[in-house]
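J.: Dumping the structure here so I can ask a few things about it.
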Amino acid sequence: MLHIIRDNPDSGVSFTLRDPLYVKMDQYNVHAEKNVVHNRDIDRMQFTIKESKIETLEHLKSSTAARKSLSVEDIYERILMAVSEHRLQPGMQLVEDRLAKIFDVSRTKIREATVRLVHDRIAINIPNRGAFVASPTADEARQLFAARRLIEPELMRLAARNATPKQVAMLRAHIEKENAARKKNGFAIIPLSGEFHLTVAEMAGNSFLARTLRELESITCLVIILYDTHGAHGCPYDDHQFLVDAIEARDPDRAGRLMLEHLDHIEASLNLTPPAERHIALEEAFR
Ligand SMILES: [Zn+2]
């Protein structure tokens, strides 16, 4: 697997893809079709590609040169990727000076990245001890779904009443992206699945409910990353399709009921026992 994260604008990698591939960049999904994608051309990117998908690959500068200029954003994304791939385990301490050495950056940058990770609930801060990779318990995961069950059926009902045909078309286009991402078997399907829910929430027209869901969604991502039994596949296939059908049919009752079932499906796909503990050093997680 090749993990590409924006490096220094003057360095990084360029590659040519063997097949069409949806590449997730920030909030956008870019269809990179046998094109050279050079990270000088874009502001921020992070994705994982199987090396077999790549026709040519060129490292443009030494990785040491690239590492020296890692931004706070880069560090944040590398740590997030390491958590998603279970290289960094729940409960593991994010030791500032060791991370500074690993990424060859100042401790200030590590601290800033850690503050963001804590803000996004990927990490927690324990006073006088430092930051640790968050470890939502099975019980917290259940509470999370209980909270979503309370608000999301209502968001769906509102969306079924308020969504315009243009918005329905937007949701259908989003599902196409999900299907493409699912075929690639990568991590991208999890945030994409989450975006579907947030997009529906925006369409519902209740900003307080939408904001609450945004907060719950970021924790859901972490829960799925940690507990999904099927290799982090996000929302079950086809469920979103049926939800959009109900919105398009302007059937609030069906839309609400289907969302409830959908949340049950997601929760049922999780194995709410902590992943087996492996004692590895922080340095090994980023090799
Ligand atoms: Zn979903």
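J.: In whole Hz, what ³J(HN,Hα) sequence does the range 189-199 give by Karplus (6.51, -1.76, 1.60; θ = phi - 60°), x for Gly and Pro?
T.: 5, 5, x, 5, 4, x, 4, 4, 5, 5, 5
J.: Give me the distance in nm between label points sitting 7 Å out from Cα along the Cα-to-Cβ direction at Gln241 and Asn128, one decimal.
T.: Placing both labels 7 Å along Cα→Cβ, they lie 5.7 nm apart.
J.: Something else: What does the extension gain come out to for Arg149 and Arg172, with contour length at 0.36 nm per residue minus their alpha carbon separation?
T.: Length gained, Arg149 through Arg172: 6.0 nm.
J.: Another one. Quick one: order Phe286, Phe208 by neighbouring beta-carbon count within 10 Å, fewest to most.
T.: Neighbour counts put them in this order, fewest first: Phe208, Phe286.
J.: At Arg116 and Arg211, where each label point lies 7 Å from the Cα along Cα→Cβ, what is the point-to-point distance in nanometres?
T.: Each label point is offset 7 Å from its Cα along the Cβ direction, giving 2.3 nm.
J.: Using amide H atoms built in the peptide plane, which far-off residues or other-chain residues are under 5 Å from Leu94 H to H?
T.: The answer is Ala131, Phe132, Val133.
Since every read-out is calculated from the coordinates, none of them should be taken as a lab result. Computed from a predicted structure; not experimentally measured. So basically every Cβ, Gly included, is an ideal-geometry build from the backbone, and we count neighbours across all protein chains shown.
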